[in-house]
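Engineer: Please see the structure below; I have some questions.
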Amino acid sequence: MIRLAVRVRCEDAEVVLAQLLELAPSGVEEGDTGDGVVEYAVYGSPGELPQLPDLRAAAGDALVEVTTIELPDAHGEGQAPQRTVPGLHVRPPWEPPSHRAGVEEIVIDPGQAFGTGAHATTRMCLELLLKLASEGAQRGALLDVGTGSGVLAIAAARLGYGPVMGLDNELESVDAARENAKVNGVELQARSFDLRRERLPAVAGAAAPTMLANLLKPLLLDLARSIELAPEDLIAGGLLTEQVDEVVGAFKECLSMHERQRRVSGEWAAVWLCRGE
């Protein structure tokens, strides 16, 4: 068993990850080595691994280092690395399936709801959700506030979170989320909800479920004030880059949450917040 790792600059990591998943669709192990460097690794026999020239081309100018390590045979006996980031492909129903091995495929018909997976904020929330899932934390109850088409909630259910509830103040979004959940074969409780007038509901009795919130800044600020018990993890999107610090500050002041990781794409950003210090 060979471990092939490529280290890249953190600011270019999400672009490189997308390229690497094309070369290794069964999954990539991700780790933060510090000093602004992220490491991606794949495992396999020599004939199964991507070629070094392809890896270097995928990393481009972001490349810091490529290393290979031969592991004991026991590493590969029926068990994958613990922190594997699965591939995830979101497509509309009119596009053909990708048929890529090891890739979770999600079919989303947005109808009149927001969220096809193509917008930068949705994509970055999905990336952070994959990162959270790969950390080995318990995948329990999850609440998606502003679920739109249900794409984030459905992805969470596919990754093993449950029960999953999606909230939205638009009835069209609630209907779209329910229909998309049915198409993708996952259980999702979707319901109409007004963040500014209603208390956040409990998810199967969970006092502090993992939360996703791909909302605009004013609603995220309202959310910070509305949550009674801070979740262990919360992923917030829908932000312009210059708005992130204000939102992070609100969750810190109201709930003592701190920033774990931030993603930026052009003018848009998403952030992963954690409870405690």
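Engineer: Looking at the range 107-122 only, could you name the residues that are at pLDDT 80 or above, touching a helix residue (DSSP H, G or I) at 6+ places or on another chain (Cβ under 9 Å) and crowded, with 21+ Cβ neighbours inside 10 Å?
Structural biologist: I108, T122
Engineer: Which residue, of E179, E127, is surrounded by fewer than 20 Cβ atoms within 10 Å (Cβ to Cβ) and assigned to a helix (DSSP H, G or I)?
Structural biologist: E179
Engineer: I need the full set of residues from the range 235-277 which are of a type in the set (V, I, T) and either part of a helix (DSSP H, G or I) or exposed (fewer than 14 other Cβ atoms within 10 Å of the Cβ) (or both), in order please.
Structural biologist: Matches in the range 235-277: T241, V244, V247, V248.
Engineer: Residues in the range 64-75: is at least one modelled with pLDDT of 70 or more and surrounded by 15 or more Cβ atoms within 10 Å (Cβ to Cβ)?
Structural biologist: no
Engineer: Quick check on my filter: what residues within the range 154-172 are in a helix (DSSP H, G or I) and closer than 17 Å to V107 by Cβ?
Structural biologist: Result: I154, A155, A156, A157, R158.
Engineer: Then there is this: Looking at the range 198-225, I want the residues that are farther than 13 Å from V244 by Cα and have a partner that is open to solvent by less than 30 Å² (accessible area, probe 1.4 Å) and of a type in the set (D, E) with Cβ atoms under 7 Å, at least 6 apart or on another chain. Which pairs are those?
Structural biologist: Every condition considered, the pairs that remain are T210/D233; L212/D144.
Engineer: Can you say whether T210 is of a type in the set (V, I, T), out of contact with any helix residue (DSSP H, G or I) (no Cβ under 6 Å at 6 or more places or on another chain) and buried (at least 24 other Cβ atoms within 10 Å of the Cβ), as far as the supplied structure shows?
Structural biologist: Here the answer is yes, as T210 does meet what is asked.
The values are calculated or read from the model by the stated rules, or taken from the named source; none is laboratory data. Because the structure is predicted, anything quoted here is derived from the model rather than measured. Because the Cβ atoms are built from the backbone with ideal geometry, glycine has one as well, and the counts that use them run over all protein chains shown. The accessibility values were calculated without ligands, DNA or RNA, using every heavy atom of the protein model including side chains. Shrake-Rupley method; radii C 1.70, N 1.55, O 1.52, S 1.80 Å.
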